1. Under the condition of being free of Cβ contacts under 8 Å to residues at least 40 places away in the same chain and assigned to a loop (DSSP other than H, G, I, E, B), which residue from the stretch 243-277 is farthest from residue 217 (Cα to Cα)?
2. Considering only the stretch 92-103, how many residues are at pLDDT 70 or above and surrounded by 15 or more Cβ atoms within 10 Å (Cβ to Cβ)?
3. Tell me which residues, restricted to the stretch 157-192, are β-branched (Val, Ile, Thr) and assigned to a helix (DSSP H, G or I).
4. Within the stretch 297-318, can you find the residues that are under 25 Å from the mean Cα position of the chain (by Cα) and buried (at least 18 other Cβ atoms within 10 Å of the Cβ)?
Amino acid sequence: MRVPPLGFRGRLLAVNLAVIAVGAVVVFAGVGLIAPGLFDASMGQAMGGPSGMGMDAMMGAAVRSSFQDAVHGALLIAVGAAVLVAVGLSAILSAQVARPMGHLARAAQRIAGGDYGERVEVGSGDEVGRLAASFNQMAASLAANEQRRTQLVGDVAHELRTPLATLNGYLEGLEDGVVKPAPQTWTLLRTETGRLTRLVDDLQQLWRAEAGQLPLAPVALEPGPFLEGVSMRFAVPARERSVALRVDAEPHLPAIRADPERFGQVLDNYVANALRYGPADAEVLLRARREADGVTFSVIDHGPGLTVEQADRVFERLYRVDPSRSRALGGSGIGLAVARALATAMGGRAWAESAGPGLGATFSVWLPTASGDRARR
């Protein structure tokens, strides 16, 4: 029959009992071996030299044996009492130490079963208490990730449902002859299929970027000329909206290390959003400033602005400040999440700032210099 393994509490108690047993044996053996010699020496000194030796001979083996029996008896009683007290204290202390570990184990099992709201009590500031606090932080992170995952699934389903419903309705109308195959119909169908394609492509790119599976080819880039190139790419759409694109690059900026295509994608997303959501007859500023061991690139607009909460969440997947307006303007809600993932993959970071609603927003990305230094921000 196989004996079940001891739990943490049992092992801890067994270790304490082993220490107690070894200590008792050492004390018993040590006193038993040393006490008689010390007794003989003490008696010799008390009786005074040679006469003490004679007294020792007169006392004989009977007195020595009686002394040893008394010492052994006293040791047995003392060691027995000490062992009983030590065993009791060890059992209590082992239970106190093992109890929070048991709580952690049971809580971990419940979290593994999907109960991400499980938490454990942090009862002390020692190693076990810090472990419990770290466990609670992990559980909170898992709960937040699960909530984002659930929301992502719902948001993706919602994003797919609208164009699919449009496509299905028009195709049924074409099949039944209710809708005529006019040029406007084909244009609408192409628009909806393009919307689906963009959404799927953005989701795939986001997944690859966050999983570290997006190929990067970093090279040294000059910030000023790169911003000028971005401005030239958006010259036509900016002119159509009467928006002035202006580049403000600090002189003598160091080269940065980035993938030109991926970094261009980050800035393109920033500028496209500034043109899409900003007012006509306004200005969009493309700025570059040296900060620490890198360069910060910012796109500053005079659009609807952001609250503090919106600035924190605007890079989340499928998050929209104004969902109805964003869908009407063709945004997928994934571009900024892709931009942040790309910036992180290139060793940088992306963030947004705003003075408040109606006061415009600044979308920035920091990248390290070509020397490979990293700023401690």
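1. 251
2. Residues that pass the stated criteria total 3.
3. Once the filter is applied, which keeps residues that are β-branched (Val, Ile, Thr) and assigned to a helix (DSSP H, G or I), the stretch 157-192 yields 162, 166, 185, 187, 191.
4. Residues satisfying the conditions are 310, 311, 314, 315, 317, 318.
The values are calculated or read from the model by the stated rules, or taken from the named source; none is laboratory data. The model shown is predicted, which means the values in this text are computed figures rather than measured ones. Counting neighbours? That spans all protein chains shown, and the Cβs are built from the backbone with ideal geometry, glycine included.
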